[in-house]
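Below is one structure, written out as structure tokens, with a few remarks after it.
The values are calculated or read from the model by the stated rules, or taken from the named source; none is laboratory data. Remember, predicted model here, so these are calculated numbers, not experimental data. Cβ placement follows ideal geometry from the backbone for every residue including glycine, while neighbour counts extend to all protein chains displayed.
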Amino acid sequence: MNRIGSLLSPLVRSMGLEGALKLESMQRQWADIVGDQLSLHMWPSNLLNNELLVSVDSPLWLQQISFYKADIIKRLHSFDVRDIRFRLGRIGSHKKRQESRPAKDARAFPDTDAIEYIEATVSGIKDKELKEGIRKAMEKAFSRRPTPHDND
């Protein structure tokens with residue numbers, strides 16, 4: 001039996017949706033493709049005839065990002081992108097989503113003092129499930145807390 005993808009591919013192509021599907025997939029992976037820092041300032045807006053139109057939020061970033069054009073095209077090889085045009089434009093709500101997204105390595109495990117504090121706090125709780133739930137919640141809260149070295 002054929003995979004559903006092989007059956008849908010001709011239909012998607014005949015309806016002219018192939019580019020839109022590639023663009024949507026690219027947008028979902030954008031921060032991983034270009035990196036978190038660049039993704040905050042640029043957004044793939046349109047894909048037509050293997051040319052990607054990327055909106056950039058400021059003239060300064062527009063100039064800076066142009067130096068990465070060849071590298072970005074290489075990273076977009078799986079989407080059949082052959083050229084990129086950058087334009088000054090709004091990147092909209094995507095920027096807000098990215099800023100609220102925690103950095104991949106931002107989570108750190110609680111330090112020794114935090115672990116001791118957590119254990120002291122939950123030590124008086126008799127209910128085993130409640131105790132474990134509170135411990136996990138506190139560990140999560142302490143792991144998201146910025147460390148003194150984050151501002152260096």
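Going by the conditions given, is Leu53 surrounded by 14 or more Cβ atoms within 10 Å (Cβ to Cβ), without any contact (Cβ under 8 Å) to a residue 60 or more places away in the chain, of a type outside the set (D, E, K, R) and in contact with a Pro (Cβ under 7 Å, 6 or more places away or on another chain)? No: the conditions fail for Leu53. Here Ile125, Ile115 are screened, and the one residue that is assigned to a loop (DSSP other than H, G, I, E, B), over 24 Å from the mean Cα position of the chain (by Cα) and at pLDDT 65 or above is Ile125. Leu130 - would you say it is modelled with pLDDT of 75 or more, surrounded by 11 or more Cβ atoms within 10 Å (Cβ to Cβ), of a type outside the set (Gly, Ala, Ser) and in contact with a strand residue (DSSP E or B) (Cβ under 9 Å, 6 or more places away or on another chain)? Criteria not met by Leu130.
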